[in-house]
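Asks: Handing you a structure now.
The values are calculated or read from the model by the stated rules, or taken from the named source; none is laboratory data. If you're wondering where the values come from, they're calculated on a predicted model, not measured in any experiment. Positions of Cβ are generated from backbone atoms using ideal geometry, with glycine treated the same way; all protein chains shown enter the neighbour counts.
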Amino acid sequence: METISIKAGEQVYPVHVGFGVIGKLQSFLQSQFPKLTSVLIITDETVGALYLKDLIQELGLDTVHTKIVPAGEKAKTFDVYYDCLSYALEKRLDRKSIILSFGGGAVGDLAGFVAASFMRGIPFIQIPTTILAHDSAVGGKVAINHPLGKNMIGAFYQPVAVFYDLHFLTSLPPAELRSGFAEVIKHALISDSSFYNWLVENITRLEDIPAPSMVEFLTKGIQVKAGVVEVDEKESGIRAHLNFGHTLGHAIEAEMGYGAITHGEAVTIGMVFALQLSERFHKFDFNRREFIQWVKHLGYQTNLPKGLSVSKLLERMKQDKKSFGQTIHYVLLSEVGQPYVRELGDDFLLENLGIFIKTGGL
């Protein structure tokens, strides 16, 4: 088991990573919340069917309420958010209650925002069940989607702890493995070349990742995220670097309809495009063709899905949270491990999106 300490502003909390760490949850609650009145578990249909009984048994508490929400991005709507708040009120949660977010990134975003806004904020714990959530469960970004943009309604609200039991990852379908591993790739590209080279050399299949390798790259990814959050909790500076690949990725998700493509698969396309753009400004030592071959071998699509309008994608990108005054600010690399933000014009992006469609990023 690994324990990583996350410092975000004045708050410090642990992230426990490994097989069986959920067994430490009960003692954590007893020691940190001796006057705990009730627990609300928010989970989705898929995770609930597989593991909810196990989690309740691990808690060993008298008062545990459960709220089942739709799986994936369908959980991050105003209606579901409102329904969760109503349920918390009906069950008489109070400021001595706690919310457990049990699921992937979408459930974590939703449950965290419910916790942040219920009675102006009650504690919550992240219990991730996907690779993708190694990124979203750490750092305190919680939100729901709006039809005009992803994660546009939310807050910065840190959990009191993260219990990342890798046992829950064993049942992930291939699409979710790819979705989560994309964020691992992102963390490597924005942090250092040795991490990236280790991934290329050691991860050649996502279907049967050895347990030590999974612990290695998830721990490293969380440490990268932790280092950024410690310096810039609320994305006023370098935390924007964590959005590498996300400007186009979020636009693809929104334009296709949330859930039509997984977050990580859309971000992978966005990373390929960002690498193409980066090489327009810098001749850094990076083999983009090798990168594309590697991610394709892992099962990723690397070009824009057919039928998407580049002009509509451009408009979606202008709605990105990093854009100001309808000007797109894009996260690029001057070299692996050296991300930065650059303002890019409409004509430049349209031209390069056209090139991207023709070449597939090669």
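Asks: Please verify whether residue 46 is in the same structural domain as residue 24 (by TED's automatic domain parsing), β-branched (Val, Ile, Thr), in contact (Cβ under 8 Å) with a residue 24 or more places away in the chain and out of contact with any helix residue (DSSP H, G or I) (no Cβ under 8 Å at 6 or more places or on another chain), treating the condition exactly as stated.
Replies: When the stated conditions are applied, residue 46 passes them.
Asks: State which residue is modelled with the lowest pLDDT when the search covers only segment 180-216 and only residues that are over 11 Å from residue 337 (Cβ atoms), touching a Gly at 6+ places or on another chain (Cβ under 9 Å) and of a type in the set (A, V, I, L, M).
Replies: Applying the filter and picking the extreme gives 215.
Asks: Going through 264, 345, 307, 354 one at a time, which residue ends up being out of contact with any Phe, Trp or Tyr (no Cβ under 8 Å at 6 or more places or on another chain), touching a residue at least 24 places away in the same chain (Cβ under 8 Å), assigned by TED's automatic domain parsing to the domain that holds residue 207 and among the small types (Gly, Ala, Ser)?
Replies: Residue meeting the stated conditions: 354.
Asks: Just to be sure, is residue 138 more than 12 Å from the chain's Cα centre (by Cα), buried (at least 18 other Cβ atoms within 10 Å of the Cβ) and among the β-branched types (Val, Ile, Thr)?
Replies: no
Asks: Would you say residue 358 is surrounded by fewer than 16 Cβ atoms within 10 Å (Cβ to Cβ) and over 22 Å from the mean Cα position of the chain (by Cα)?
Replies: On the way: surrounded by fewer than 16 Cβ atoms within 10 Å (Cβ to Cβ): yes; over 22 Å from the mean Cα position of the chain (by Cα): yes.
When the stated conditions are applied, residue 358 passes them.
Asks: Okay, moving on. If a residue has to be closer than 23 Å to residue 54 by Cβ and either crowded, with 20+ Cβ neighbours inside 10 Å or among the charged types (D, E, K, R) (or both) to count, how many in segment 73-87 make the cut?
Replies: Within segment 73-87, residues that are closer than 23 Å to residue 54 by Cβ and either crowded, with 20+ Cβ neighbours inside 10 Å or among the charged types (D, E, K, R) (or both) number 2.
Asks: Being charged (D, E, K, R), in a helix (DSSP H, G or I) and under 16 Å from residue 29 (Cα atoms) is the requirement here; does residue 73 meet it?
Replies: no
Condition check ((1) over 20 Å from residue 24 (Cα atoms); (2) out of contact with any helix residue (DSSP H, G or I) (no Cβ under 7 Å at 6 or more places or on another chain); (3) not assigned by TED's automatic domain parsing to the domain that holds residue 319) across all residues:
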{"residue": "97", "(1), (2), (3)": "no, yes, yes"}
{"residue": "106", "(1), (2), (3)": "yes, no, yes"}
{"residue": "111", "(1), (2), (3)": "yes, yes, yes"}
{"residue": "133", "(1), (2), (3)": "no, no, yes"}
{"residue": "139", "(1), (2), (3)": "yes, no, yes"}
{"residue": "150", "(1), (2), (3)": "yes, no, yes"}
